[in-house]
Every structure is written in C-alpha cells, then in structure tokens.
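Working notes, beginning with the structure itself.
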Amino acid sequence: MKTSHDFVQELDARRGKIISQTGGWFPGKGVYSHGYSMLEELVGEKSYFQILILNATGKLVSSELAQWMEAVYGCLSWPDPRIWCNQIGALAGVARTSAVTATAIGCLATDSRAYGVMPLMEGVGFIQEALLRHRQGMSAEDIVKDATSARGGKPFIVGYIRPIAKGDERLEVMEQVSQKLGFAEGEHLTLAYAIEKVLMEKFDEGMNINGYVSAFLSDQGFTAQEIYQMFAMLVASGVTACYLDTKQQPSEYFLPWRCDDVQYTGPEKRSVRDAR
Amino acid sequence: MADHQHDKVRSRNEAFSDKVSSKISSEDASFGNPYIAENVRWYGYDVEDLMQNASLVEVFYLMFRGELPSAADARLLETLMVALINPGPRHPATRAAMNVGVGKTETTHILPVSTAVMGGEYLGGGSIESAMRFFRKYSKKDPEDVATSFADALVTDASSIPGFGKYYGDTDIFSAKIVQSLLPLSQELSALHWGSALASALASVNIGWLMPGVAAAVFSDLGFHPRSGAGLFQLMSAPGLLAHGLELANKPITAMPYVSDDNYVIDTPSKA
C-alpha cells in the first residue's frame, strides 16, 4: 500500500512539471493534440468539428461524421429567448455584460437535469442498456413496459417525449442529413425507432432529438461521457444571438416586470424587535 | 435509411404561471411608477429594519432559512463563515482566481470563474449535498459501525464517505483543527459531533475530515437543505477567492510560474 511518504515523493516529482496525456504547444517547434501536429496535420486539413471531437474524445473522426455533428449543433441552438439558457443570455444583454460572459453562462446553464447537454448522458445510457437487453431477447415493447413501470406507468424516457411541444421537427431533417452523408442505420437507431413506434401506439408520444442523437452516436461507438463532452458548448451560438438581441435594445425593454409581477407568498409584515 | 413515421409536431399548450411567486421578497410599488419599489421586505422584515437591527450573519441565515437565527446558531454560522472565507492559495478555485487576475481578464470574471471551480466535487461545493445526505442517513448510527461498514470501499476509494477522505495522502490537519474550534459551539447530538466520532474511527486508515465535510455537518446542524449546501460553500469562500484574484490583477503576467518546455512532457500513447 502506498504510504503518505510515497505519495509526497510522487507529488514532488511533479512540482513545476506538466505531464499531459493530451498535447501542448512548444514555441518554434509545434502544437500537438493526441499525437497529431495541429499546424501540419489538422489546421486546414481537417474541419473545426473534427478538431473539436478530437479534443473532446481523443478520436479523429471522418469528415462525414464531423459534418453530421455540425448539422446537429444547428438543430440544438436556436435564437429564442424563451429557452432557459437563451434567456440567461438575453438577461446578460439587459445587464450589459460582455458577449463572452453571456455565452459562457448560457452554456453553463445547459448542465441541467431537465434540458440541454446533461440529459444526453441519460439518453445514451438508456439506449445502450436497452440494446444490451434487446440482444438478450427483450422486445421493444418489453423495454417500454419496463421503463414506464419504473415511472408509475408514465412514458418518461429520456430521448422520448419533449417539453413544450409534442413531436420533433428536427428528426426528419437529421435523417436527411444522415442519408446525404451516407450513414446506414445502426443497431441502436433501429431499436430507438422500434421503441418510438411502441410509444406512439400506446402513449401518443414520439422520439425527440436527444433520442436520435443518443442512438446515432452510440452506433458510431461513442460512450455517454464522450457524447456529453462533444456537446459541451452546444448552445453557444443561440445564446450569443439572444444576448445581442437584448443588448441592442434599451436595457429595461426585455420582459419588464412590475413590482406586482412577483407574487409574494412569504410571512406577513413583521419587525426584528418582535422576533427577539 | 428507411423512412420512419414520427409524431406530428404540435404545442403541448402547458399551463405556465402568469407570475413568478416568492416567499423571500416583497416590493411595494411607488405611487407614480409600478416598476419602482418604495418599500422592500424580505420574509416580512423591512430592509431598513434589518439594516439597523440585525447583523450580516443573521440576515444571511434569514435568506436561506426564512427566519432569523437563535444567538447560538448565529454564532456557529459566523464562526464557520470565518473558517471558510479563504480556501487558501493552493486550492484549485483560488488558483483559477489567480489565473483570472494575472491573465488580465476582466475583474468581474474572478468570482464566476473561481466559484465555478469551487463547485467541483474535489474539495468543493459539489460534494456538500451528498455529504449532507450522508449525515442525514447515518448520523443516528454508531460511528464505529459505520466506519467498519465502509472499510472495504475505503480501500478502493478513499473518498467513499462524502465529506471525508485523504488530503495529499494524509488526513487534513487544518480541517480537524477547524472542527475543534467549532465543537464547543455545536450541540452534543449534532452532525458535527457525530462526524468527529466517525473521523476518530477512520483515523487508523489515515482518513479524516475534509473541509466540505465540515461545512456539510454545520449546514446540517443549522437546518439548511442539502440542495443549498453547494451554493453556500461557494458563497462563503468567495471573499478569499476574489481577494487572491485581485492581488494578482495588477501584477505582470510573469508574476506566476510558467512551466518551461523542458518540464512539459507529452505522454500520449499514439495517434487516435
């Protein structure tokens, strides 16, 4: 067992030293990422999304997959300030922060259990687990039954059902993109469609873009954690757009709240002296 | 790819609230302008009344509990706040603040950047909620038994008990000293006392209190909700983070070490 003395020695060996498993910049020599010379092999040779995925996962993917990712980014970041992360950007515009602040905090907001990037991990976890069980003989109907019984009979499965609206207009668009880029339907996606069919028949609910992305990228061999990392700054452009929209208008014009637009539900008026 | 039938897109027409509601703040609009508040109350107390008759720590407690604290609770909270006010120059959050400062980043970003790092699970607010739930679950049990039940897990992962663990391979002496200062202010049947007994039971395997665990115990004893723990910890460390960031903001970029190329090793297995 490692003693604290051993541990101190290990730490001392790393003082003033960086040991990177990713890459680095050496002035006059080069810049490296996952074994690639960035300026000789990546910049101008590979797309930004290929480099983004390389930095997020250590995998250099095909240009087709990078194009697919770029397309899906376009599906998941819209300039509508009613969406929570975008509204944060819009309020940053009201408050006259910098564009970088607005965009960064909007992206931070998508670390949410309810929407944004974090649910992708659950979506991927669901479809990958479902496929393992499907391979062991479980039907799509049984998978749905199992998932819904764990949720009091409600079809709350991440990747299916969408807040605010039913159905998802992005599915057909991404299906066309996948087809155009030459991607065949993989095992995860086939099962995802079978699950959607059951949900539509039994609950009038369908797949959402999370379900599609989770299944498609699972078919490309990514883990849930890798997919989460690939989408870290997913909503950036929509947030920037919402920030600019309010920043270019007078500060107090965005969804103004009167004093009585906040309904007070706390204790009656009281004094500190009475509380002592 | 085959054509697949999807659900038709239509709005769910969910019923959203017309107004946001709050138990915290009430604002009386002025006569001439409904957007300008004339009187402001928090949990029913007029702000001017609080300014004149309550201390900062009492109002801090009020914000999260909805009531003013007892004198004993105010003293305990204030003492903890002093202990947490500066996580020290080597904490990752403070080092992030220093990088903001020395990098000549806008000083408005020192707090968002450094408190975000302070939200991490290692020595940060990210571990407080699970530590508070751990105290809720186990603090009625014998601490010796709890230590024994975690013995195997701790061999594989020294951080198996939230709020406790190793610090640079050892127990954290400073956290233990902080606990000793807080114990006289804490009731006997408190999470803090129980946690101290647990720390004693874990000492033989070189595991002890970590600062988020200390905070989590006191937060539990003061009745804060576990979900508020992370933010409280971030908030209480904010002054020290800001001070360290500002200390470097007017210094040249050379005021912090920069690792030389000779000491930068790329240890990448092979091309992906």
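Summary of values
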quantity: Sequence-distant lysines (8 or more away, or on other chains) whose Cα lies within less than 25 Å of residue A:180; calculated: A:46, A:59, A:197, B:8
quantity: Ordering of A:19-27, A:197-205, B:38-46 by burial proxy (mean other Cβ atoms within 10 Å per residue, highest first); calculated: B:38-46, A:197-205, A:19-27
quantity: Length-normalised contact order for chain A - Cα pairs under 8 Å, 6+ apart - percent; calculated: 26 percent
quantity: Simple label model, 7 Å out from Cα along Cβ direction - residue A:25 to residue A:176, nm; calculated: 4.1 nm
quantity: Exercise: per-residue mean of other protein chain Cβ atoms within 10 Å, A:90-103; calculated: 1
quantity: Gap separating the Cα centres of the range A:119-186 and the range B:204-229, nearest whole Å; calculated: 39 Å
quantity: Ascending count of other beta-carbon atoms within 10 Å, so fewest first, for B:166, B:23, B:140; calculated: B:140, B:23, B:166
quantity: At R0 = 56 Å, FRET efficiency that the Cβ-Cβ distance of residue B:48 and residue B:12 yields, to 0.05; calculated: 0.80
quantity: Nonlocal amide H pairs with residue A:270, under 5 Å, H built at 1.01 Å; calculated: B:45, B:46
quantity: Per-pair calculated FRET efficiency, R0 = 45 Å: residue B:82 and residue B:142 via Cβ, rounded to 0.05; calculated: 0.90
quantity: Pair residue A:70, residue B:3: separation of 7 Å Cα→Cβ label points (nm); calculated: 2.9 nm
quantity: Phi-based couplings in Hz for the range A:127-139 (Karplus 6.51, -1.76, 1.60; Gly and Pro marked x); calculated: 6, 5, 5, 4, 5, 4, 6, 5, 5, 8, x, 7, 7
quantity: Helix runs (DSSP H) in chain B reaching 27 Å along axis by Cα, Kyte-Doolittle at least 0.0; calculated: B:226-249
quantity: Ranked list, fewest to most other Cβ atoms within 10 Å of each Cβ, for A:173, A:61, B:102; calculated: A:173, B:102, A:61
quantity: Counted charge near residue A:211, where neighbours are those whose Cβ lies closer than 10 Å (Asp, Glu -1; Lys, Arg +1); calculated: -1
quantity: Per-residue mean of C-beta atoms belonging to partner chains within 10 Å, peptide B:197-209; calculated: 0
quantity: Computed helical MRE - 222 nm, chain B, DSSP H runs ≥ 4 contributing -39500 (n - 2.57), nearest 500; calculated: -14500 deg cm²/dmol
quantity: Residue A:164 versus residue A:84: modelled label distance in nm, points set 7 Å from Cα along the beta carbon direction; calculated: 1.2 nm
quantity: Averaged over B:23-30, number of beta-carbon atoms from partner chains that fall within 10 Å; calculated: 5
quantity: Ranked by how many other beta carbons lie within 10 Å on average, peptides B:204-216, A:134-146 from highest; calculated: B:204-216, A:134-146
quantity: Förster-model FRET efficiency, 45 Å R0, residue B:159 and residue A:47, C-beta, rounded to 0.05; calculated: 0.70
quantity: Per-peptide average of other Cβ atoms within 10 Å, ordering A:256-265, A:50-59, A:102-111, B:258-267 highest first; calculated: A:102-111, A:50-59, A:256-265, B:258-267
quantity: Karplus-derived 3J(HN,Hα), 6.51/-1.76/1.60, for each residue of the range A:172-183, Hz, glycine and proline x; calculated: 5, 4, 6, 5, 5, 4, 4, 5, 4, 8, x, 7
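Only the coordinates and a few stated rules stand behind these numbers; no lab work does. If you're wondering where the values come from, they're calculated on a predicted model, not measured in any experiment. We place every Cβ from the backbone using ideal geometry, glycine too, and count neighbours over all the protein chains shown.
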